[in-house]
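Only the coordinates and a few stated rules stand behind these numbers; no lab work does. Note that the structure is predicted; figures quoted are calculated from it, not measured. Neighbour counts are summed over all protein chains in view; Cβ atoms, including those assigned to glycine, are modelled from backbone coordinates with ideal geometry.
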Amino acid sequence: MNESMKLKDKIALITGGGKGMGRAIGLAFATEGADVVVNDLDYSNAQNVAAEIQSLGHQALANGADVSDSQAVDSMVKQAVDKFGQIDILVNCAGILLVKEIGETDDDEWGRVIAVNLNGVFYCTRSVLTHSMLPRQSGKIISFASVTPLRGEGSVCAYAASKGGVIGFTKALSREVGRSGINVNAIAPGYIDTDQTKDAFVDRTREHVMRQITFRRIGVPTDIVGTAVFLASEDSAYMTGQTIIVDGGVV
Ligand SMILES: NC(=O)c1ccc[n+]([C@@H]2O[C@H](COP(=O)([O-])OP(=O)(O)OC[C@H]3O[C@@H](n4cnc5c(N)ncnc54)[C@H](O)[C@@H]3O)[C@@H](O)[C@H]2O)c1
């Protein structure tokens, strides 16, 4: 084990870790010395990423809980604490996108976006705080927001509402648990090429999106990992309540 690793001997739980940015963060955390609980509703993807992490020489546990199910989340967290003894880092990365105008959005669609993107962050954070971080008076919580609530955009009201909620949740919670030595921050990515956006960034829309980015390229998952490692490490010890925009210059 390299002593200069930033997350040496830390235990991380990453929701939505089976692909996209969650997977990239899981692999980066392992490279920095962490053992990782990889959650994803797609359990086979979670297992694949767990195997990749094990091949890097670290322990990993795959879990298929739906983050919008609070009982499943509690079971996942208990299982993780039973195996590893603690959770030092929680990354709330699981999320879904809905691209639809408001008049076309039905109650169930609105509810599902809020349930996964906002309730899921609440359930996972509450459970990890209760079962590990508050008793140990230490921890790092990193949640995925987005630039959508910051800049406004058509056809993504439900998504923007859920991610705006994550930004408010992050600020409020940081005040509540700061005295317990817990850092609470969020990352707001811009436009990143993943399966979530593969149907959204096509043809003229893709060109339109690119024109809004200062760097004139759509991001890739590894563009986010440096910020995630920073927020998970002691390099960000004096930061809390912040939403860090990583968008290649959109906002
Ligand atoms: N891609 C972008 O441009 C972009 C921009 C801003 C924010 N985000 C946010 O970043 C995060 C990661 O997005 P991504 O682009 O890597 O997406 P992705 O679709 O590649 O990965 C998301 C993962 O979350 C999992 N997931 C979905 N619902 C779940 C649930 N209920 N319980 C557990 N796992 C669930 C999916 O199975 C998937 O593996 C999301 O919160 C997303 O909203 C993405």
Separation of alpha-carbon centers, the stretch 123-147 and the stretch 24-82, rounded to whole Å: 15 Å
Neighbourhood net charge (12 Å Cβ-Cβ; Lys/Arg +1, Asp/Glu -1) for Asn45: -2
With θ set to phi - 60°, apply the Karplus curve 6.51 cos²θ - 1.76 cosθ + 1.60 along the stretch 66-78 and write out the HN-Hα couplings as whole Hz, x wherever there is a Gly or Pro. 7, 5, 8, 10, 5, 5, 5, 5, 4, 4, 4, 5, 5
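What does the charge dipole of the chain about its Cα centre add up to, to the nearest 20 debye, if the Cβ of each Lys and Arg holds +1 and the Cβ of each Asp and Glu holds -1? Don't skip to the end; give the middle numbers.
On the way: 23 positive and 29 negative charges, 143 e Å.
With only Lys, Arg, Asp and Glu charged at Cβ, the dipole is about 680 debye.
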With labels modelled as points extended 7 Å from the Cα through the Cβ direction, what inter-label distance (nm, one decimal) is found for Gln71 paired with Lys198? 3.4 nm
Extended-chain gain in nm, criterion 0.36 nm per residue less alpha-carbon gap, Arg179 and Ile213: 8.4 nm
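Using Cα pairs under 8 angstrom and six or more residues apart, how large is the relative contact order of the stretch 77-156, in percent?
Values: 72 pairs, mean separation 39.6, N = 80.
Over the stretch 77-156, the number comes to 50 percent.
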Convert each backbone phi in the stretch 114-121 into a coupling constant with the Karplus relation 6.51 cos²θ - 1.76 cosθ + 1.60 (shift: θ = phi - 60°), then list the ³J(HN,Hα) values in order as whole Hz, x for Gly and Pro. 5, 4, 7, 6, 10, 4, x, 5
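Calculate, in nm to one decimal, what Gln86 and Ala172 gain on full extension: separation in residues at 0.36 nm each, minus their alpha carbon distance. Walk me through the numbers on the way to the answer.
Numbers: separation 86, 0.36 × 86 = 30.96 nm, distance 2.40 nm.
Using 0.36 nm per residue and subtracting the Cα-Cα distance, I get 28.6 nm.
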Round to the nearest 10 and give me the degree value, 0 to 90, for the angle of helix 157-177's Cα axis relative to the longest principal axis of the chain. 30 degrees
State, as an integer percentage, the relative contact order of the chain based on alpha-carbon contacts under 8 Å between residues 6 or more apart. 19 percent
Excluding same-chain residues fewer than 8 positions from Lys6, which lysines have a Cα within less than 17 Å of its Cα? Lys140
Work out how far the C-alpha atoms of the stretch 21-74 reach from end to end along every principal axis, then list the three figures in whole Å, largest first. 31, 19, 18
In nm, spacing of pseudo-spin labels at Gln54 and Lys78 (7 Å Cα→C-beta vector): 2.5 nm
Tilt of helix 43-55 relative to the longest C-alpha principal axis of the chain, in degrees (0 to 90, nearest 10)? 50 degrees
D for the stretch 35-139, whole µm²/s, Stokes-Einstein with Kirkwood Rh over alpha-carbon pairs at 25 °C and 0.890 mPa s: what number? 167 µm²/s
Where the only charges are on Cβ atoms (+1 Lys, Arg; -1 Asp, Glu), what is the dipole of the stretch 10-135 about its Cα centre, to the nearest 20 debye? 500 debye
